[in-house]
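> Following this message is one structure expressed as structure tokens.
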Amino acid sequence: MTISIDTTHAATSKGMRARERRRRLIMGGIFLGAALFIWFVFVANITPGAVTRFLMNPGGASTETADWVFSSGFALNAIAGVLALLGVFQVVRGFGKLTNGILAAVAILFLFGFLTWATSGGQTNLAGLLRVMVVRAVPLTLGALSGILCERSGVVNIGIEGMMLTGAFVSTVFASLSDNLWIGMLSGIIAGGVMGLIHAVLSIKYKINQIISGTVINIFATGITSYLSSKFLQKTAYQFLNEPGMFPQVEIPILSKIPFIGPILFHHNIYVYAMIILVFFLTFMLFKTRWGLRVRAVGEHPKAADTLGINVFKTRYMAVILGGMMAGFAGTYFTLGSSGRFDEVMTAGRGFIGLAAMIFGNYNPIGSMGAGLLFGFFDSLSVKASLLQVPLPSEFLGMVPYLATIIVLAGVVGKGHIPAADGEPYEKE
Amino acid sequence: MAPVLELRGITKRFPGVLANDHINLTVEKGEIHALLGENGAGKTTLMNILYGLYHPDEGEILVNGNITAIKSPIDAIKAGIGMVHQHFMLVPVFTVTENVMLGEEFTKYGGVLDRAKAAQKVQEISDKYNLNIDPNAFIKDMPVGLQQRVEIIKLLFREANILIMDEPTAVLTPQEVIELFKIMQTLIDQGKSIIFITHKLGEVLESAKKITVIRGGKVVGSTDPKTATMNELANMMVGREVSLEVDKEIQKTGEIVLEVRDLKVLDPRGGVAVDEINFEVRAGEVLGIAGVQGNGQTELVRSLTGLLPAIDGTVLLSGQDITHSNPRQITELGTAHIPEDRQKDGLVLGLPISDNLVLNTYYLKPYSNGIWLDQKVIIETGEKLVKSFDIRTPSVFTPASSLSGGNQQKIIVAREFSRPIKLLIASQPTRGLDVGSIEYIHNRLLAKRDEGCAVLLVSTELDEVMQLSDRIAVLYRGKIISILDAKTASKEQLGLLMAGIIGETEKVSR
């Protein structure tokens, strides 16, 4: 007797279809809403015949690109039309697996529409805006990578902020003392690793609630670095401890000569290049190697891994320590890559936003970099907003990424996959 | 030739318990050796020792005649011993190949996964043993029966010769069980040996070549399935005479107590779990709901007891609409609920037994005067119930967590049955219990029915449903696809219905 039996399977896939349908409609609604918003708010609020002028050279670039001038009304209508078409297609047929990619495209088009409208009748340095976006994305993306390393192995890490701060402080002191930026960077990475080790011992060995362990790390790091900073680093007598210097900008030969893109992407200090390389390297490691398979297995179903002879504790220790080192490296960006000195609480919540980027990016390095760039764009925009003819306080623009994160967390865009054993200490029998 | 596996004098002590007491066991090459015993008899401990998860205090393990130290699962794998766990050890978001090769990955360039090569080997194993598995499918998309085959492939991939299967039939439909037995036979034909752990007597007689019965951590006997009978095995397992048959009085049904009309309930993820179902339960009858786990049973029960809102339809209790009532209102109207997960939904594990016994009446007189609890009355009531329901506990102050599963279930039964009820909703009332406790719970349920209570019994154990019910409704993908008279329904007919196959004779009868 051969009977094909697929009971539970069918029951779940029925629920999945209902969810997918709802998601398809919500997404389509978002696309159409974006199109309507452009028509009714942007197009309605521009002077007929006005032009938008984008400057295509960030300050101090070695290439010359002509300004980009076009009719605001025409561009906005075209964008709204494309968005409407995408929305209709999404509602009727659905993009299926491409949906997230299309969503990203819609977001980019919408933001471009916003800039077109805001610049209408004036000018904006588009290249400068994008260049700052890339820079601002660095600590967020590196923080997200730190989170991915920990959480893919099943350990929640909200201590990224504290690990970053520690890395920033230690790197300043060591770089100043040794007068060597590389030694400073290395010491910052090691300091982050030590913080990771503390988090690992607390949450893996002693099975302390991981949120509390992470919070302890944040409070401890804030306290100790602020104390030491005010006691020594900010005092004139100890200024020699707070003069680490900064990594110089490096132009990538040939690539930096590409008009427009060159100066945005290929004329930075090493942190931007490190971010890009690390994102792809971690993706490769997680999804293509034995190490990655084991880390993910431990984060999804530690007991299954254990019964196959994988050491769950060792794997988690390694992942959390590496995550700490990543956060420490992100911390050194603030001092050695951005400001050239240490100031109290200078990470200013970037570790937490990195965590948001991780969730937004669905625990995926490339997705997290996308989220980091999006957050970085608004960061960059809120700085420039005062220069734009926008009847909006720049603080509101600064809020947009966080509103977007809340929407993502609420599951409107579709629930991402959280590692199944995330946050659960493993108990060996 | 030496036996493929021999255990000599295996002893394992846990604080206060002798889990395994000098157990000897011999498994010959190419046999299905059934290990039969009640829950808590020591089967699982013994197998965990064999698989390297526990270390024995005494005794030795011989594989192919050689003494082998098994300190970890890796040692067990090296010795050719593999285990299909009762709860599958599979990562749902991984593919079959990824799950199979985990821990023993095929790699190239010193660490990069070679998925293609591993998938090829999985395919070869699947073909050789006729398992019909797609190496690139994701576990989360596969039905339970196929997931179990992936577990078997995991062992074969590691070239295991001795396969331990821990309660492998617990999650399967009767037809899937037949398929599994076929696969087990193929494995035996290819020279593998299987240790088959179970407490289901019928399956043992059907499949095993040799039976070893364990009770209280000791081997109490070995028998040959050709000569043994179900009653003999049950008596050996329990250590006293047990009656496998339930004596039912002739039913004298009364008026309709529970009436469900077009009920529709969603699961937490928004899928339709209960799809416009209709049934009624009369006073003095047991309506059994049969079905493979995950076909809407949980949501149905949660909805009827007010824990999950219905999105459509009506539920009437003695003519009163309770569709949108809250759990306390439903309880006060005379509904008793034995939940499917007694530890999560039935008890507050950290509270003493006396408090657990008044969880749904504590706010009423005489347990409370509106503000203060009267602990004296609560304790007295507790002591009375512990005695009359035979709950084995040192005192009523003992936390519920430290009792055995059977005694925990008795607390729930005592709480629910000690007040006047007209409807009893029992969900998986005997899951994980030993034969003695099962007998007790069954008798209590039937006693309630004979008193004139309407009983809705939800169970994935087909035998249980068939024994206790007067009528049987089969739930499949959230729909009741048939309601049968228990006297005339056959096991095969129900098995087919549970798999969603409706024959000509049993179209939906309402």
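The values are calculated or read from the model by the stated rules, or taken from the named source; none is laboratory data. What you see is a predicted model, and the numbers here were worked out from it, not measured in a lab. Counting neighbours? That spans all protein chains shown, and the Cβs are built from the backbone with ideal geometry, glycine included. To get the accessible areas, we keep the full protein, side chains included, count just its heavy atoms, and leave off ligands, DNA and RNA. Shrake-Rupley method; radii C 1.70, N 1.55, O 1.52, S 1.80 Å.
> Please identify the chymotrypsin sites (Phe, Trp or Tyr not before Pro) of segment A:275-324 that satisfy two criteria: DSSP loop assignment and at most 12 other Cβ atoms within 10 Å. Which are they?
Qualifying residues, ordered by number: none.
> Okay, next question. If one computes the Cα centroid of segment B:453-472 and of segment B:1-29, what distance in Å separates the two points?
38 Å
> For a quick check: with amide H placed at 1.01 Å from N, whose amide H comes under 5 Å from residue B:290's, ignoring anything fewer than 5 positions away on the same chain?
Here B:473, B:474, B:475 satisfy the definition.
> Kindly work out what percent of the DSSP beta bridges joining two residues of segment B:5-238 are antiparallel, to the nearest 5.
55 percent
> Roughly how much of residue A:95 is accessible, in Å² to the nearest 10, using a 1.4 Å probe?
Here the residue's solvent-accessible area equals roughly 40 Å².
> Running Debye on the protein assembly as shown with equal point scatterers at the Cα sites and no solvent, what base-10 log of I(q)/I(0) appears at q = 0.04, 0.05, 0.06, 0.09 Å⁻¹?
-0.25, -0.40, -0.57, -1.12
> Which order do the peptides B:287-299, B:49-61 come out in when sorted by mean C-beta neighbours inside 10 angstrom, highest first?
Final packing ranking: B:287-299, B:49-61.
> What does the C-alpha gyration tensor say about the overall shape of segment B:385-498? Classify as rounded when a/c is under 1.5, otherwise prolate if a/b is larger than b/c, or oblate.
Cα axes put segment B:385-498 in the prolate bin.
> Then there is this: Using a 1.4 angstrom probe with every protein chain in place, what is the largest-first accessible-area order of A:363, A:402?
So the residues, ranked largest to smallest area, are A:402, A:363.
> DSSP loop trypsin sites (Lys or Arg not before Pro) in segment A:61-132 with at most 10 other Cβ atoms within 10 Å of their Cβ, which ones? Present the calculation step by step, with values, prior to reporting the outcome.
Values: sites: A:93, A:97, A:131; in loops: A:93.
Passing sites in segment A:61-132 are A:93.
> Are there any trypsin sites (Lys or Arg not before Pro) in segment B:117-156 that are in a DSSP loop and have at most 15 other Cβ atoms within 10 Å? List them by number. The partial results should precede the final answer.
Values: sites: B:117, B:121, B:128, B:140, B:149, B:154; in loops: none.
Passing sites in segment B:117-156 do not exist.
> Sequence-distant or interchain residues sharing an amide H contact under 5 Å with residue B:312, placed H: which?
Sorted by chain and number, the residues that satisfy this are B:264.
> I've got another one for you. Would you please state the base-10 log of I(q)/I(0) at q = 0.15 1/Å for segment B:1-137, with intensities from the Debye formula using one equal scatterer on every alpha carbon?
Debye output, listed in q order: -0.90.
> Then there's this: Give me the accessible area per residue for segment B:253-339, probe 1.4 Å, as a whole number in Å².
37 Å²
> Between Rg and the Kirkwood Rh of segment A:37-172, both from Cα atoms, what is the Rg to Rh ratio?
1.11
> Dipole of segment A:18-121 (Lys/Arg Cβ +1, Asp/Glu Cβ -1, origin at the Cα centre): which of A:90, A:101, A:38 lies farthest to the positive side?
The one lying farthest along the dipole's positive direction is A:90.
> Please average, across the residues of B:270-278, the number of beta carbons from any other chain that are within 10 Å of each residue's own beta carbon, and give a whole number.
3
> How far is helix B:115-128 tilted, in degrees, relative to the longest principal axis of the Cα atoms in chain B, given as a value from 0 to 90 rounded to the nearest 10?
The angle comes out near 80 degrees.
> Over the C-alpha atoms of segment B:338-443, what are the Rg and the largest Cα-to-Cα span, Dmax, in Å?
13.3, 43
> Taking the Cα centre of each part, how many Å lie between segment A:238-298 and segment B:55-104?
Cα centroid to Cα centroid, the span is 42 Å.
> Over the residues of chain B, compute the C-alpha Rg and express it relative to 2.2 N^0.38 Å.
1.05
> Where does each of B:164-171, A:220-227 land if you order them by average Cβ count within 10 Å, highest first?
Details: B:164-171: 21.8, A:220-227: 16.9.
My ranking of the peptides, most packed first, is B:164-171, A:220-227.
> How many percent of the accessible area of chain B is carbon or sulfur, using a 1.4 Å probe?
Of all accessible area on chain B, carbon and sulfur atoms account for 51 percent.
> Run through the DSSP bridge list for the protein assembly as shown and note the antiparallel percent, rounded to the nearest 5.
On the way: 51 of 89 bridges.
Of all bridge pairs located within the protein assembly as shown, approximately 55 percent are antiparallel.
> For segment B:300-350, max minus min Cα coordinate along each principal axis, in Å, sorted largest first?
Principal axes ranked by extent give 37, 22, 13 Å for the Cα atoms.
> Another one. Over all directions, what mean area does the Cα convex hull of chain A project, stated in square nanometres?
Taking a quarter of the hull surface, the average projection is 25.6 nm².
> Also, quick follow-up: Keeping all protein chains in position, work out how much accessible area residue A:68 exposes to a 1.4 Å probe, and write it in Å² to the nearest 10.
110 Å²
> Ignoring ligands, DNA and RNA, what accessible area per residue does chain A give at 1.4 Å, in Å²?
44 Å²
> Mind checking the dipole of chain A: about its Cα centre, +1 per Lys or Arg Cβ, -1 per Asp or Glu Cβ, Debye to the nearest 20?
For chain A, the charge dipole is close to 1100 debye.
> Also, quick follow-up: Averaging over all projection directions, find the projected area of the Cα convex hull of segment B:5-238 and quote it in nm² with one decimal place.
13.1 nm²
> Looking only at other chains, what is the average number of their beta-carbon atoms within 10 angstrom of each beta-carbon in A:301-314? Please list the in-between numbers first.
Numbers: counts 10, 1, 3, 13, 4, 5, 13, 12, 12, 5, 2, 0, 0, 0.
Going residue by residue through A:301-314 and averaging, the value is 6.
> What number comes out for accessible area per residue over segment B:344-419 if the probe is 1.4 Å? Units Å², please.
Solvent-accessible surface per residue comes out at 51 Å².
> Starting from the eigenvalues of the Cα gyration tensor, five times each then square-rooted, give me the equivalent ellipsoid semi-axes of segment A:245-359, largest first, whole Å.
Details: eigenvalues 230, 77, 25 Å².
Value: 34, 20, 11 Å, ordered largest first.
> Using just the Cα positions, wrap segment B:105-144 in a convex hull and report its mean projected area in square nanometres, one decimal place.
The number I arrive at for segment B:105-144 is 3.4 nm².
> Buried accessible area between B and A (1.4 Å probe, both chains summed, ligands and nucleic acids excluded), in Å² to the nearest 100? Could you put the intermediate results ahead of the total?
Values: alone 23150 and 20660 Å², together 40140 Å².
Accessible area lost upon association: around 3700 Å².
> With an 8 Å Cα cut-off and a minimum separation of 6 or more residues, compute the relative contact order for chain B in percent.
That works out to 14 percent.
> Here's another thing I want to ask about it. Quick check: Cα centre of segment A:69-103 to Cα centre of segment B:268-323, how many Å?
Rounded to whole Å, the Cα centres lie 44 Å apart.
> Using the Kirkwood radius over C-alpha pairs as Rh, can you work out the diffusion coefficient of segment B:158-214 via Stokes-Einstein at 4 °C, viscosity 1.567 mPa s, in µm² per second?
The Stokes-Einstein estimate is 109 µm²/s.
> As a test, work out the antiparallel percent of DSSP beta bridges whose residues both lie in chain A, rounded to the nearest 5.
So the antiparallel bridges in chain A amount to around 65 percent.
> Whenever you get a sec, line up A:314, A:288 from highest to lowest accessible area (probe 1.4 Å, protein heavy atoms). List each step's numbers first, then the result.
Values: A:314 135, A:288 100 Å².
Sorted by accessible area, descending: A:314, A:288.
> Determine the shielding of peptide B:140-151 by partner chains: average, over its residues, the number of Cβ atoms on other chains within 10 angstrom of each Cβ.
That works out to 3 on average.
> Turning to a different aspect of this structure: Using only the heavy atoms of the protein chains and a 1.4 Å probe, how would B:335, B:26 rank by accessible area, largest first? Walk me through the intermediate numbers first.
Numbers: B:335 10, B:26 45 Å².
Result of the area sort, largest leading: B:26, B:335.
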